[in-house]
Amino acid sequence: MKKIFFSIVMLSSLSLAQLMSPKLTLLENEFDFGDIKQGDKVTHVFVLTNSGTDVLNIEKIIPSCGCTAAMPEKSELAPGESTNLTVTFNSAGKRGKQKKLVRINTNDTENPQTIITFVGNVIIKDEQKESSAIIHFPETQHDFGVVKEGQKVEYTFTFDNSGKSNLEIGDIKTSCGCTAALVSQKVLAPGEKGTLKVELDTSKRKGKMSRVITISSNDPADPSKILTIYADVQQ
């Protein structure tokens with residue numbers, strides 16, 4: 001009888017451990033910087049999300065060389081929460097095609113180490129083509145504050161083309177189906193302004209949450225712009 005009881009307890013504990021587990025999910029795990037002028041420092045933001053059911057701890061970030069630095073905004077993520085991991089590459093002394101890795105160690109039991117990759121082509125002096133379209137957002141984050149569960153809240157980001165030729169907006173991706181984004185126009189002339197309307201549906205959500213919107217464009221310096229929205233959903 002004791003053996004049976006012990007077996008039941010062990011099985012229950014294993015089942016609970018399987019149910020309560022963190023899981024690291026990336027919106028993207030590869031990025032191409034394209035042409036980089038030698039000596040420039042370039043950065044890209046990778047979005048890390050805890051899609052599991054327990055707290056995710058980002059334990060260590062390991063770049064593959066001293067020319068690369070990576071730092072997350074937060075090291076502990078609640079279920080459903082996201083954070084930005086900014087990766088910086090210093091091209092000083094480099095030339096030609098580059099491929100670098102960044103290893104992310106977490107307490108994700110199924111995948112304790114996740115690898116992200118970026119590539120680029122370091123060129124000398126005037127070999128680099130100047131950027132002609134520039135996407136500019138005065139603000140890249142918005143906090144809705146406390147929101148009652150079930151509400152749909154909206155916010156409109158503004159942006160402009162501060163470059164010298166037409167800015168072309170490509171795909172707009174959201175990190176979950178609860179978020180929708182609508183851009184006012186797909187092509188902006190130099191100096192022209194546009195808007196991006198974002199809607200967050202808090203149905204069946206609870207507690208603090210963050211979601212990201214990625215805007216692709218023909219801005220070679222920033223081809224994947226990241227916006228982040230936050231909310232504290234209360235019943």
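The values are calculated or read from the model by the stated rules, or taken from the named source; none is laboratory data. Bear in mind that the values here come from a model prediction, so they are computed numbers and not experimental data. Glycine also receives a Cβ, built like all others from the backbone with ideal geometry; neighbour counts cover every protein chain displayed.
Things worth noting here:
- Complete set of residues in region 160-179 that are within 30 Å of S51 (Cα to Cα) and modelled with pLDDT of 90 or more: I169, G170, D171, I172, K173, T174
- Breaking point among (1) out of contact with any His (no Cβ under 9 Å at 6 or more places or on another chain); (2) not assigned by TED's automatic domain parsing to the domain that holds L48, for N121: (2)
- Counted residues, region 168-193 - those being more than 16 Å from T214 (Cβ to Cβ) and either among the polar types (S, T, N, Q) or touching a Ser or Thr at 6+ places or on another chain (Cβ under 9 Å) (or both): 6
- Checked against (1) assigned by TED's automatic domain parsing to the domain that holds G191; (2) assigned to a loop (DSSP other than H, G, I, E, B); (3) in contact with a strand residue (DSSP E or B) (Cβ under 6 Å, 6 or more places away or on another chain), P79 passes all but a single condition, namely (1).
- Which listed residue, of N90, N107, is at pLDDT 95 or above and more than 23 Å from G170 (Cβ to Cβ): N107
- Some residue of region 99-107 being on the phi > 0 side of the Ramachandran plot and not assigned by TED's automatic domain parsing to the domain that holds N218: no
- All of Q151, Q128 fail the test of being more than 20 Å from the chain's Cα centre (by Cα), modelled with pLDDT under 90, surrounded by 13 or more Cβ atoms within 10 Å (Cβ to Cβ) and on the phi < 0 side of the Ramachandran plot, apart from Q128.
- Matching residues, region 85-113, being aliphatic (A, V, I, L, M) and under 12 Å from F31 (Cα atoms): V87, L101, V102
- Listing of strands (runs of 3 or more DSSP E) fully contained in region 24-72 that carry 3 or more residues being in the same structural domain as I116 (by TED's automatic domain parsing) and closer than 21 Å to K99 by Cβ: 30-37, 41-50, 56-63, 68-72
- Top-ranked residue of region 180-206 - restricted to ones that are out of contact with any strand residue (DSSP E or B) (no Cβ under 6 Å at 6 or more places or on another chain) and over 18 Å from Y155 (Cα atoms), ranked as modelled with the lowest pLDDT: K204
- Within region 69-107, tally of residues that are surrounded by 14 or more Cβ atoms within 10 Å (Cβ to Cβ) and more than 18 Å from the chain's Cα centre (by Cα): 6
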